[in-house]
């Protein structure tokens, strides 16, 4: 997803017989690819073929404390709701005992779904028979961790993450989140992709020198799974077309001796984002971090603000008539308005102008720095609020711009 990387041992040439050092039997080559076979790919070498499924059955998330409709989302009946700016208090979404039970979809359209995950997100029970991996068969997943830390386990190896990290998991990769405690995270699903914007790359594929991050800021798995960790993948759950399927494998599909390629999970800390500043206020697209089809994810981080005499650092009232806007507030002082808390999600639909509260706008003149941390999702075309999100709404938000 960024550059070619390698871990462990791989064959000198792909698609040839390869026996790993210390092994008697040749490895199975597993090709993980995008967009047919015409885009990015990685090649993994496994002890056993990843195809040894001996059981397929419907997975009932309700049996694990979850709710399928809350997980995949049900769009609210917009014909009975006014077009309005909205504020969703995500901390009221229910926590769960595993990755799926604690996940609630709040906004969605054909290319993007925005959810929160709260609670103990690890899928591992006390033994192998109680453990299961999760695969999103519909979308790439971009986590942003508001709280908590742990390790992502995949066929590509182990990848630690912590608070304020983005974690990008390509679609089709089975994974387990092993938690150090409870977590809280925003999850942006992108169909068909979430990736680094092409504008940030030079013709050689490197990140450009003026990009808001460097290759050094991105982390990928640094070690392969242990045999015990690989055994946790004997049971897998796949989300596909709003249904969940449980697979049982006779052999672990995660016993890997090595891999190389450009497709793999990766972590990036929002605190490593390099914001741009100018004499006058720069538009929000200067904060772009990831992009999907018809949407972008932006990072607002502490920074110096506009320095021309008389410049107004606070965002101007605006109408971005082709985009709906969602902002997830993480930490700091939000200069644009009052009444917003950490973990708030504001929703500003196209068709309605929005911006700071009037007193905050002119009150920002003379400010030297912005002390805020937030994640924004802008979608080209409407994104719809779910029925679940309505239950966590701050109804007073729509009229809160009165002086």
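When you look at residue 98, is it touching a strand residue (DSSP E or B) at 6+ places or on another chain (Cβ under 9 Å), assigned by TED's automatic domain parsing to the domain that holds residue 253 and at pLDDT 95 or above, yes or no?
For residue 98, the condition - touching a strand residue (DSSP E or B) at 6+ places or on another chain (Cβ under 9 Å), assigned by TED's automatic domain parsing to the domain that holds residue 253 and at pLDDT 95 or above - is not met.
Given the structure, is residue 291 surrounded by fewer than 18 Cβ atoms within 10 Å (Cβ to Cβ) and either free of Cβ contacts under 8 Å to residues at least 40 places away in the same chain or not assigned by TED's automatic domain parsing to the domain that holds residue 189 (or both)?
The answer is no for residue 291.
Since residue 176 meets every condition but one in (1) touching a helix residue (DSSP H, G or I) at 6+ places or on another chain (Cβ under 9 Å); (2) surrounded by fewer than 23 Cβ atoms within 10 Å (Cβ to Cβ); (3) touching a residue at least 24 places away in the same chain (Cβ under 8 Å), which condition does it not meet?
The one condition residue 176 does not meet is (2).
Taking the conditions exactly as written (assigned to a loop (DSSP other than H, G, I, E, B) and either touching a strand residue (DSSP E or B) at 6+ places or on another chain (Cβ under 6 Å) or crowded, with 19+ Cβ neighbours inside 10 Å (or both)), does residue 324 satisfy them or not?
No: the conditions fail for residue 324.
Yes/no matrix, rows are residues, columns are (1) farther than 24 Å from residue 95 by Cβ; (2) surrounded by 18 or more Cβ atoms within 10 Å (Cβ to Cβ):
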residue	(1), (2)
299	yes, yes
313	yes, yes
333	yes, no
386	no, yes
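Hey, residue 66 hits all of (1) assigned to a loop (DSSP other than H, G, I, E, B); (2) in contact with a helix residue (DSSP H, G or I) (Cβ under 8 Å, 6 or more places away or on another chain); (3) closer than 29 Å to residue 120 by Cα but one; which does it fall short on?
Among (1) assigned to a loop (DSSP other than H, G, I, E, B); (2) in contact with a helix residue (DSSP H, G or I) (Cβ under 8 Å, 6 or more places away or on another chain); (3) closer than 29 Å to residue 120 by Cα, the lone unmet condition for residue 66 is (2).
So for the range 273-283 (the condition being in a strand (DSSP E or B) and either in contact (Cβ under 8 Å) with a residue 60 or more places away in the chain or in contact with a strand residue (DSSP E or B) (Cβ under 8 Å, 6 or more places away or on another chain) (or both)), does at least one residue qualify?
no
Can you say whether residue 296 is within 19 Å of the chain's Cα centre (by Cα), within 18 Å of residue 271 (Cβ to Cβ) and in contact (Cβ under 8 Å) with a residue 40 or more places away in the chain, as far as the supplied structure shows?
In short, no.
Which residue is nearest to the chain's Cα centre (by Cα), if the candidates are limited to the range 91-112 and must be outside any loop (DSSP other than H, G, I, E, B), buried (at least 23 other Cβ atoms within 10 Å of the Cβ) and in contact (Cβ under 8 Å) with a residue 40 or more places away in the chain?
Restricting to residues being outside any loop (DSSP other than H, G, I, E, B), buried (at least 23 other Cβ atoms within 10 Å of the Cβ) and in contact (Cβ under 8 Å) with a residue 40 or more places away in the chain, the top hit is 112.
Can you list the strands (runs of 3 or more DSSP E) found entirely within the range 127-166 that contain at least 3 residues being under 26 Å from residue 111 (Cβ atoms)?
Once the strands (runs of 3 or more DSSP E) in the range 127-166 are filtered for at least 3 residues that are under 26 Å from residue 111 (Cβ atoms), what remains is 133-136, 140-147.
The values are calculated or read from the model by the stated rules, or taken from the named source; none is laboratory data. What you are looking at is a predicted structure, and each value in this text was computed from that prediction instead of being measured. Positions of Cβ are backbone-derived with ideal geometry, glycine not excepted, and every protein chain shown enters the neighbour counts.
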